[in-house]
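Please read the structure below before turning to the comments.
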Amino acid sequence: MSYLGVGVSPGNVPGSSTKMKLIDRKVRVTELILRCLVCAFALVAAILVATDVQVREIFTIQKKAKFTDMKALVFLVVINGIAAGYSLVQAVRCVVGLVKGSVLLSEPLAWAIFFGDQAVAYLCVAGVAAAAQSAAFAKLGQSELQWMKICDMYGKFCNQVGEGIASALFTCIGLVLISCISAFGVFRLYGGSKPRQSSRR
């Protein structure tokens, strides 16, 4: 079952079959590329944040900054790990679909992919928002609450976290685009049934 070919009778519309196949293939290739990019960006974000460590010596006492010190960064790492794994599985599904010439096996599967894409996208947006807020406090401090500008002490740590958050932001953008594609695929299934019914009359 394809995104664009459902409910269309190629025999009734001259030349529509080839055009639909070309558009359908472009949509599938675009989805595959986006899923691969999301997997790469999510993996880079998780690795950058998870491996970020900086040690400073203050009055002969060593203080180590690591991502587990901030719960928002732990959440970001976990969510990007999930996003990378999920995107890899979906990328494999896309490759199999391109080889076999079909993307969706059934309507329930189409809905499952749609809800999965939505859930992962929302989780990633939440993770980036939480990490960005924590990063803002670390960079700017909060004088009213007597919170220090931690990034003045741990500059390297903050810079690497910033790179991780930027990569996670690209992950979010990719997931939002993928969600649009999966939504288009689901609703196309139902939109295609109208021409089929009208052609019988």
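For residue 59, the conditions (1) on the phi > 0 side of the Ramachandran plot; (2) in contact with a strand residue (DSSP E or B) (Cβ under 7 Å, 6 or more places away or on another chain); (3) aromatic (Phe, Trp, Tyr) are fulfilled apart from (2). Which residue is modelled with the lowest pLDDT, if the candidates are limited to region 182-191 and must be open to solvent by 10 Å² or more (accessible area, probe 1.4 Å) and in contact with a Phe, Trp or Tyr (Cβ under 8 Å, 6 or more places away or on another chain)? It comes out as 188. Evaluating residue 1 against the criteria (1) open to solvent by 50 Å² or more (accessible area, probe 1.4 Å); (2) modelled with pLDDT of 65 or more; (3) touching a Leu at 6+ places or on another chain (Cβ under 9 Å) leaves one unmet condition, (2).
Quickly run through region 98-110 and pick out the residues that are open to solvent by less than 70 Å² (accessible area, probe 1.4 Å) and either among the aliphatic types (A, V, I, L, M) or modelled with pLDDT of 80 or more (or both).
Step one: list which residues in region 98-110 are open to solvent by less than 70 Å² (accessible area, probe 1.4 Å), which gives 98, 101-104, 106, 109-110.
Across region 98-110, the qualifying residues are 98, 103, 104, 109, 110.
The values are calculated or read from the model by the stated rules, or taken from the named source; none is laboratory data. Keep in mind that this is a model prediction, so the values were computed, not measured. With ideal geometry, Cβ positions are generated from the backbone for all residues, glycine too; neighbour counts draw on all protein chains shown. Heads up: the accessible areas ignore ligands, DNA and RNA and are worked out on the full protein's heavy atoms, side chains in. Shrake-Rupley method; radii C 1.70, N 1.55, O 1.52, S 1.80 Å.
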